[in-house]
1. When Lys and Arg each count +1 and Asp and Glu each count -1, what net charge do the other residues less than 15 Å away from Met54, Cβ to Cβ, add up to?
2. Residue by residue through the range 42-50, which ³J(HN,Hα) values in whole Hz follow from phi under the Karplus form 6.51 cos²θ - 1.76 cosθ + 1.60 (θ = phi - 60°), with glycine and proline marked x?
3. Along the Cα→Cβ direction, 7 angstrom out, place labels at Arg72 and Leu17. What is the inter-label distance in nm?
Amino acid sequence: MEEHARARRIVVDCSDLGFCDSTGLNALLKARLRMRETGGRLDLAGLRPPVDRMFDITGARAVFRVYEDTARALADPAPHAGGAGHD
């Protein structure tokens, strides 16, 4: 993500992610903040149930725009500003 930090939008495909601890969550939150500082956004796609549950329990799911899969994320023509989740 560092090499694309000046992008307007990054979609992280989480479909192969079976586990995410506080270190992973922290990395995503920090990347999201860096993106916002430059006017960009970081979205997530394909959260699997164990990871989705952790994002929900910690409240992090409300901070990210979350899509069912990467195809849906990329098909969203004009993602809204802000962090409300989206399926």
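Each reported figure results from applying straightforward, stated rules to the coordinates on display, with no laboratory input. The shown structure was predicted, so the numbers you read here are calculated from the model rather than taken from an experiment. When we count neighbours, we look across all protein chains shown, and the Cβ atoms used for this are built from the backbone with ideal geometry, even at glycine.
1. Details: positive: Arg48, Arg53, Arg61; negative: Asp21, Asp52, Asp56.
Combined, the nearby Lys, Arg, Asp and Glu give 0.
2. Calculated HN-Hα couplings, in order: 10, 10, 10, 9, x, 5, 7, x, x Hz.
3. 1.6
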